[in-house]
1. What whole-number value in Å² describes the accessible area per residue of the chain for a 1.4 Å probe?
2. With all protein chains present, calculate the accessible area of R8 using a 1.4 Å probe and round the result to the nearest 10 Å².
3. With θ taken as phi - 60° and the coefficients 6.51, -1.76 and 1.60, list the Karplus ³J(HN,Hα) couplings across region 102-114 in order, rounded to whole Hz; mark glycine and proline as x.
4. Per residue of region 70-78, what does 6.51 cos²θ - 1.76 cosθ + 1.60 with θ = phi - 60° give for ³J(HN,Hα)? Whole Hz please, x for Gly and Pro, Karplus curve as stated.
5. Pop out the Kirkwood hydrodynamic radius of the chain from its pairwise C-alpha distances, inverse of mean 1/r, in Å to one decimal.
6. So how far apart, in nm, are the two label points at A55 and L69 if each is 7 Å from Cα heading toward Cβ?
7. Where does the charge balance sit around L76 when Lys and Arg score +1, Asp and Glu -1, over other residues with C-beta under 9 Å from its C-beta?
8. Given the rule -39500 (n - 2.57) for each run of at least 4 DSSP H residues, summed and divided by the residues of the chain, what is its mean residue ellipticity at 222 nm, to the nearest 500 deg cm²/dmol?
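The values are calculated or read from the model by the stated rules, or taken from the named source; none is laboratory data. This structure is a prediction, so every number in the text was calculated from the model and none was measured. When we count neighbours, we look across all protein chains shown, and the Cβ atoms used for this are built from the backbone with ideal geometry, even at glycine. Keep in mind that these areas ignore ligands, DNA and RNA; they rest on the heavy atoms of the full protein, side chains included. Shrake-Rupley method; radii C 1.70, N 1.55, O 1.52, S 1.80 Å.
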Amino acid sequence: MNDSTAPRAITRTWEAHLTYRECSVITGTATHTVTLTRTPAGLEATVDGEASELARAVRILGAADALTLTAETLELAPIGKARASKLHRLMARYGVPTKEHYAFASAALDAPVYSLALLSEPDARNVWRFLCQTHAPSFAA
């Protein structure tokens, strides 16, 4: 089952142990380190520290007798609906019109924002900081 709320892996690295056979006789063994990285352009692969074609990396992973996940880097988890709702309320309280919340967050992050619920914790904090800097009440006498 695919949990869409779980953070996705940005990179995963495996140690793949392969056994080569000819007519049921072991002719050799090999160990490869395979890394798959998610990029905006798609998946990129490295095998034993060198750039490789994705098909080759997948072939090594599929043929492995044993796979050991040695490293994994996950995306930051989104803040979710409850925190996004609080951020919407704070923006409204500070005077940002409702229709401008996403544009405001986009300006704060210098990147398009289509949902506050999908912001990471650091991004949400940056939006909050920008809100405080631009809309905080002045207490000067």
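1. With the other protein chains kept in place, the chain gives 70 Å² per residue.
2. Answer for R8: close to 120 Å² accessible.
3. Working through the residues one at a time gives 6, 5, 4, 5, 4, 5, 5, 9, 6, 7, x, 10, 10 Hz.
4. After applying 6.51 cos²θ - 1.76 cosθ + 1.60, I find 9, 7, 8, 10, 9, 5, 5, 6, x Hz.
5. When all Cα pairs of the chain are included, the Kirkwood radius is 18.8 Å.
6. Using points 7 Å along Cα→Cβ, the separation is 2.8 nm.
7. Result for the local shell: -3.
8. Result for the chain, helices only: -10500 deg cm²/dmol.
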